[in-house]
Amino acid sequence: MDRLGGLDTAFLYCETPGMHMHACGLVLLDPGPMRSDEVYERIRALLLGAMPNVPLMGKRPAAPPLGIGRPFWVDDVDFDLDHHLHRIHLRRPGDHRALADLVGQIASVPLHHDRPLWEVWLVEGLADGRLALLAKIHHAAIDGIAAIGIMGQLFDLEPESSSSRSRAVAWLPERRPGQLRMLGGALGDLLSAPFGLARLLPATALRVGSTAIRFRSGGRDRSKQAAPFRAPRASFNATVTASRSVAFRDVSMTDVKRVKEAYGVKVNDVLTAIVGGALRRYLAGRGELPDRSLIAAEPVSVHDRGVGLAGATRLSVMFSTLATDVADPVARLRTIAAANVRSKGVTDAVGADTLMHWSQYVWPLGYALGARLYAWLRLADRHPVVHNLLVSNVPGPPVALYLAGARATGIYPFGPIFDGAGLNVTAMSSGDHVGFGVIACPDLVPDVWQIADALPLALDELVESSARGVRRRAAAQKGPTSAARSSGH
């Protein structure tokens with residue numbers, strides 16, 4: 001019997017009528033000569049063929065008796081693929097905005113906890129003849145790195161290779177474990193918890209103490225350090241409702257790498273600077289640009305840590321400045337890159353897997369009661385802002401991909417939003433493109449496309465600045481040589 005990890009449990013139990021803890025992924029597909037019926041049947045066969053290799057596709061969460069411990073993953077003996085795979089026709093005019101409206105509507109509906117926590121929608125009727133595939137998966141069952149693993153089971157490097165994988169051994173559910181067995185497992189965790197906490201507490205205290213000393217001795221850098229509860233309040237920092245709106249845009253990975261090389265920073269720094277530039281433009285256009293920089297919470301994968309811990313979700317969090325208070329795009333990028341080095345140092349000092357370890361010992365129903373009380377009292381509107389939004393970067397494959405024989409022409413991820421942080425911007429690279437997915441509560445962000453449309457403009461600023469820098473350096477190198485030649489040397 002597999003158990004949900006501590007973070008898995010938090011995502012599952014912290015759902016409220018306004019906070020839905022699922023993530024979505026949108027894939028645009030060029031079917032070529034195939035009809036949509038054929039693509040649908042191929043996708044159906046692919047999903048059934050992948051189930052033996054992706055166990056959580058056939059499992060649902062089951063709480064132990066009396067709710068005394070973390071839930072178990074149990075096979076859904078009543079599994080029906082038709083509860084998870086759907087077809088839908090896009091309304092006219094069938095453009096990207098109509099598709100985004102549909103994705104927002106689907107993302108606004110929570111997943112059923114009494115069946116496996118995923119759905120797939122094949123969308124037909126796009127004006128350009130393409131199809132769209134939307135996957136909705138609960139964060140209790142997946143994180144960014146796990147999503148790449150599932151993509152490996154479904155996507156191919158060639159158009160026709162997926163058909164052979166659909167003939168995999170059929171998945172058959174196991175008998176559901178009895179209540180007594182689940183109770184025994186939960187009681188075992190309950191009895192061992194004091195010993196685990198006794199080991200964890202001093203180690204965490206030492207890490208936090210040393211990090212606090214390091215932070216206080218940071219001198220001038222201390223004022224630039226992104227940290228929770230130091231963010232200014234923006235219009236999207238409030239209690240969210242159940243509605244979701246989404247938008248998506250592409251930028252060139254070649255341009256991203258050109259900026260990266262020009263300024264000696266990382267790809268993640270460039271992507272964060274793009275988000276910072278877009279949000280500066282958005283907030284300034286609404287007359288809401290704060291004097292202090294927005295602060296983003298960035299998930300950090302810890303799949304290589306926390307050995308022995310249960311859970312599909314293996315994440316920590318790093319706080320990053322978006323430098324929205326810096327007007328110059330290059331200065332903004334340099335500020336972000338330097339701050340990210342410091343933030344990563346803080347995360348490593350505290351222990352990137354500390355959050356995972358502590359989450360194992362929280363009473364699951366405590367998550368549920370706390371989240372509902374927090375939403376009911378609208379506490380996100382009252383206390384200082386923890387962080388303004390979530391920004392995430394998921395590195396994808398650098399090559400062309402095919403799904404069910406259709407070429408993927410765009411991949412866009414959409415993460416969850418939370419009370420107090422009603423905006424999420426997630427980037428995923430594939431081939432020579434970076435797909436940005438922007439999701440928000442429309443009651444807090446009236447037109448999410450204004451943010452999405454500003455993303456390529458923010459990259460253009462950086463590309464133009466880097467090109468000017470290259471020309472200046474070339475002119476500086478050419479100048480002395482020309483002067484020497486003209487003087488006869």
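The values are calculated or read from the model by the stated rules, or taken from the named source; none is laboratory data. Computed from a predicted model, the values in this text were never measured in an experiment. A quick note on method: Cβ atoms are made from the backbone with ideal geometry, for glycine too, and the neighbour counts reach across all protein chains shown.
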**Request:** Name the residue, out of Arg407, Arg378, Arg382, that is at positive phi and at pLDDT 90 or above.
**Result:** Arg378
**Asked** Out of region 34-82, which residues are surrounded by 21 or more Cβ atoms within 10 Å (Cβ to Cβ), of a type outside the set (Lys, Arg) and farther than 19 Å from Ala170 by Cβ?
**Response** Val39, Pro61, Pro64, Gly69, Pro71, Phe72, Trp73
**Fill in**
Checked pairs for region 444-467, first under 14 Å from Arg332 (Cα atoms), second aliphatic (A, V, I, L, M) and crowded, with 22+ Cβ neighbours inside 10 Å, C-beta under 6 Å and 6 or more apart or across chains, list as Ala458/Ile274; Ala458/Ala278; Leu459/Val251; Leu459/Ile274; Leu462/Val259; Ser466/Val259
**Request:** Starting from region 15-31, take each residue that is farther than 30 Å from Leu373 by Cβ and list its partners that are among the aromatic types (Phe, Trp, Tyr), counting only C-beta distances under 7 angstrom and pairs at least six apart or across chains.
**Result:** Leu26/Phe248; Leu26/Tyr412
**Message:** When you scan region 223-241, do you find a residue that is among the hydrophobic types (A, V, I, L, M, F, W, C) and in a helix (DSSP H, G or I), even just one?
**Reply:** no
**Request:** Note down all Cβ pairs under 9 Å where the first residue falls in region 112-124 and is outside any strand (DSSP E or B), the second is surrounded by 20 or more Cβ atoms within 10 Å (Cβ to Cβ) and among the β-branched types (Val, Ile, Thr), and they're at least six residues apart or on different chains.
**Result:** Leu117/Ile137; Leu117/Ile142
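Condition check ((1) without any contact (Cβ under 8 Å) to a residue 24 or more places away in the chain; (2) farther than 21 Å from Leu322 by Cα; (3) out of contact with any Phe, Trp or Tyr (no Cβ under 7 Å at 6 or more places or on another chain); (4) not assigned by TED's automatic domain parsing to the domain that holds Ala23) across all residues:
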residue	(1), (2), (3), (4)
Asp381	no, yes, yes, yes
His387	no, no, no, yes
Pro395	no, no, yes, yes
Gly422	no, no, no, yes
Thr426	no, no, no, yes
Ser430	no, yes, yes, yes
Val434	no, no, yes, yes
Ala440	no, no, no, yes
**Prompt:** Can you tell me which residues in region 231-267 are under 20 Å from Ser392 (Cα atoms) and charged (D, E, K, R)?
**Reply:** Arg244, Arg249, Asp250, Asp255, Lys257, Lys260, Lys266
**Asked** Only one of (1) closer than 21 Å to Leu444 by Cβ; (2) modelled with pLDDT of 95 or more is not met by Val259, so which one is it?
**Response** (1)
**Asked** Can you tell me which of Leu46, Leu12, Leu66 is part of a helix (DSSP H, G or I), in the same structural domain as Arg175 (by TED's automatic domain parsing) and on the phi > 0 side of the Ramachandran plot?
**Response** Leu66
**Asked** Can you name the residue in region 257-272 that is β-branched (Val, Ile, Thr) and in a helix (DSSP H, G or I) and, of all such residues, is surrounded by the fewest Cβ atoms within 10 Å (Cβ to Cβ)?
**Response** Val267
**Message:** Going residue by residue through region 230-253, is there one that turns out to be in the same structural domain as Leu29 (by TED's automatic domain parsing), of a type outside the set (Ser, Thr, Tyr), modelled with pLDDT of 65 or more and under 30 Å from Ile43 (Cα atoms)?
**Reply:** no
